[in-house]
1. Which of the residues spanning segment A:323-354 are of a type outside the set (Ser, Thr, Tyr) and open to solvent by less than 40 Å² (accessible area, probe 1.4 Å)?
2. Considering only segment A:1-15, state which residues are open to solvent by less than 10 Å² (accessible area, probe 1.4 Å) and among the aliphatic types (A, V, I, L, M).
3. Of the conditions (1) over 30 Å from A:Val35 (Cβ atoms); (2) in contact (Cβ under 8 Å) with a residue 24 or more places away in the chain; (3) surrounded by fewer than 21 Cβ atoms within 10 Å (Cβ to Cβ); (4) aliphatic (A, V, I, L, M), B:Ile217 satisfies every one except a single condition; which number is it?
4. Quick check: is even one residue across segment B:275-282 touching a helix residue (DSSP H, G or I) at 6+ places or on another chain (Cβ under 9 Å) and open to solvent by 20 Å² or more (accessible area, probe 1.4 Å)?
5. Does A:Val149 count as surrounded by 22 or more Cβ atoms within 10 Å (Cβ to Cβ), within 27 Å of B:Met137 (Cβ to Cβ) and within 14 Å of chain B (Cβ to nearest Cβ)?
6. Could you check how many residues of segment B:265-283 are within 8 Å of another protein chain (Cβ to nearest Cβ) and assigned to a helix (DSSP H, G or I)?
7. When you check B:Ala379 against the structure, is it open to solvent by 40 Å² or more (accessible area, probe 1.4 Å), assigned to a strand (DSSP E or B) and in contact with a Ser or Thr (Cβ under 9 Å, 6 or more places away or on another chain), yes or no?
8. Could you tell me whether any residue of segment B:317-326 is farther than 30 Å from B:Ala21 by Cβ and at pLDDT 95 or above?
Protein chains: 2
Amino acid sequence: MIYVAILGFGVVGSGAAQVLADNAAVIEKNLGKKVAVKRILDLREFPDSPFGHLVTHDFNDILNDKEITVVAEMMGGSHPAYDFTKACLEAGKHVVTSNKEVVARFGDELLALAAQNGVRYLFEASVGGGIPVIRPMTNDLASNQIEQVDGILNGTTNYILTEMIGGASFDAALKQAQANGYAEANPAADVEGLDAARKIVILAALSFGTLLSPDKIHCEGITSLTLADVAVAKALGCSLKLIGHTERIGKKVLAMVSPRMVPLACPLSGISDVFNGILVDANMVGKVMFYGAGAGKLPTASAVVADIIDIVSHLGQADVRAPHFTAATDADYADFNAYTCRSCFSFANESGAAARIAAVFGAVNTVTVDGRIAFIADAMTEQEAAAKAAATGLTLAARIRVLD
Amino acid sequence: MIYVAILGFGVVGSGAAQVLADNAAVIEKNLGKKVAVKRILDLREFPDSPFGHLVTHDFNDILNDKEITVVAEMMGGSHPAYDFTKACLEAGKHVVTSNKEVVARFGDELLALAAQNGVRYLFEASVGGGIPVIRPMTNDLASNQIEQVDGILNGTTNYILTEMIGGASFDAALKQAQANGYAEANPAADVEGLDAARKIVILAALSFGTLLSPDKIHCEGITSLTLADVAVAKALGCSLKLIGHTERIGKKVLAMVSPRMVPLACPLSGISDVFNGILVDANMVGKVMFYGAGAGKLPTASAVVADIIDIVSHLGQADVRAPHFTAATDADYADFNAYTCRSCFSFANESGAAARIAAVFGAVNTVTVDGRIAFIADAMTEQEAAAKAAATGLTLAARIRVLD
């Protein structure tokens, strides 16, 4: 029997206990060993849970229990999750987590600490919920140089955008997301892009070996998007999505979060509701996409338990291959002003607008929607885009980057 | 240095040599070891290839070379690929393959033989070309009971169907596929579904532990599909795809290949051209999809090299977790007549057709397209479907199953 401890008995934590219990037979069959939860750390009591008798309020009950091999941290937030993770790794316990905040801020340090202590730190559930993406990127794409990653990484915003594509206003869509339990009462981390920023820096670290700070990358959410933007996207054969994007520019790494026009030929364009998708472009395999439930109790718990199974199946083996990345220095951040991409410009459809656009942007295919005149321009830098928009003398309603 | 031998220097074999050479630096960085091709078995000479000097015509040069740790079989066909694989495993060499024919027919035996000899037999490239799917199903979904798998598993037929959705006839689309090098001069294995059948039995074996024979499952190709079928699909909000499907019915396994109407909400519906997608439904994570290039030199080679990296990173470790399945007995095959699914019925739009359809099928939403009247009926067995179609007294133009 392999014993596991759970830190944080919230949505994902209780899901992990449920996956281990309900799927005990299939896990034992796949793994050749039994895995059981021995202790659960939470401030609350859970008298009605079948796991309630395992709850402790004292972290030391877990830290000092030599029978506990793997600790699954699903507390959320940086502290005390980071501190408990560190203590567990130092005590020779393997740690798995769904906590993207801890991985995005301290992943380099915790991976190094795990290696020093001969244990592992895995975080499949930190990006894309239940979608297998971290392990496939680490293992299946190890024969490739990863060139670029684009992802729909936040289910709440994708739900809101799906509702807006269906005709709802941003405010109405957000209210519906809250009513469905997808969005928090304070939805800032979702709608302002911070959640996606944490996830894209993790994917960038796996791809390029450098962990950027989610606070230092360009991050735009979806709060300024309107139904007119949705209509323009549709008229241009695109879907409107919040996209985390990372690529290497020279030896530096660019990571960013922003709304994007996604052409319908791109497999990310059709991903709706709370689903997530991660599109990886690698130098030999080309584009591969991983799709599934990006959040939710049992899907996320499924990924946490997959990490536990990975650890148990490698127990006692030295030199298990692990993701490795180091903290970025200032020199690792690509200059956002050097980034080039195609953009969709939407101007107020004032008198003479088409001619002024042609004078500045050359021949472009414009559409007119909702009092706007809009088109997709060739790739250019942020500065060029701002300068050209100003040069038209027209009122810029929106500029939304295109996913290429 | 880890030495690899390549069996078969065709499209995929030469691609594997190229991936190992061109990506040598990234592979060494990810793996911590150098991997190089030592010998290549082929009947031909390759004087213009940078790997030409490694070619031998004698399999024993590889079998008896103690320095060769991993053999990558990319010959295609059952023999001598199976025989060489067996000899290598018995000689204590690890084997990786892209050969779906060998895996579908002999996978159970070769996995058992590998285990007996303390080596591994991996076949990521046998399904979905470069798409990571075998290893993610084995590792990342190990915390789940897999319930159902549906896949677009053959790039050639998906290209033909994409062209037909664009308005080309089957014959014209096939000619274009041949001109592009996607389809063979004799395209039977693709268009009649056999290639997809081999892949779905491999996915069924991974999901349910039982390797069915590709010759014993229901297998329909796309040769009878017409532009009218495409038009009906469109009118009903579906895409027309060739789908490999597997599920468990009681304790038995059903696997089949047939055209399906794929509702636009399903992520498989938007997969076009030669791309493949595998949609897995599992009891905790729900639906996840793996998407990418299902064939082609470098994508398929990328998966072969990922298997080599997996093997090298576990060298010297005992009890590495491996896929395991056994050959099916007659009792393992689900009765195809017991299988139920929704179907789209297309009848000739004869006088009184709507009333006769209503009398037999009840209230259904019909569309009329190209002289047909068509609708999607509730789930029923094959026999019920045939009986109900006959009971209308109308001419049945087509019945196409729906993917649910």
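The values are calculated or read from the model by the stated rules, or taken from the named source; none is laboratory data. Remember, it's a predicted structure, so these values are computed and weren't measured experimentally. Positions of Cβ are generated from backbone atoms using ideal geometry, with glycine treated the same way; all protein chains shown enter the neighbour counts. These accessible areas exclude ligands, DNA and RNA; they are computed on the full protein's heavy atoms, side chains included. Shrake-Rupley method; radii C 1.70, N 1.55, O 1.52, S 1.80 Å.
1. A:Pro323, A:Phe325, A:Ala328, A:Asp332, A:Ala334, A:Cys341, A:Cys344, A:Phe345, A:Phe347, A:Ala348, A:Ala353
2. If the condition is that a residue be open to solvent by less than 10 Å² (accessible area, probe 1.4 Å) and among the aliphatic types (A, V, I, L, M), then A:Val4, A:Ala5, A:Ile6, A:Leu7 are the ones that fit.
3. B:Ile217 satisfies all of (1) over 30 Å from A:Val35 (Cβ atoms); (2) in contact (Cβ under 8 Å) with a residue 24 or more places away in the chain; (3) surrounded by fewer than 21 Cβ atoms within 10 Å (Cβ to Cβ); (4) aliphatic (A, V, I, L, M) except (3).
4. The answer is yes; a qualifying residue exists.
5. yes
6. 3
7. Considered against the rule, which asks whether it is open to solvent by 40 Å² or more (accessible area, probe 1.4 Å), assigned to a strand (DSSP E or B) and in contact with a Ser or Thr (Cβ under 9 Å, 6 or more places away or on another chain), B:Ala379 comes out as yes.
8. Yes: segment B:317-326 contains one or more residues that are farther than 30 Å from B:Ala21 by Cβ and at pLDDT 95 or above.
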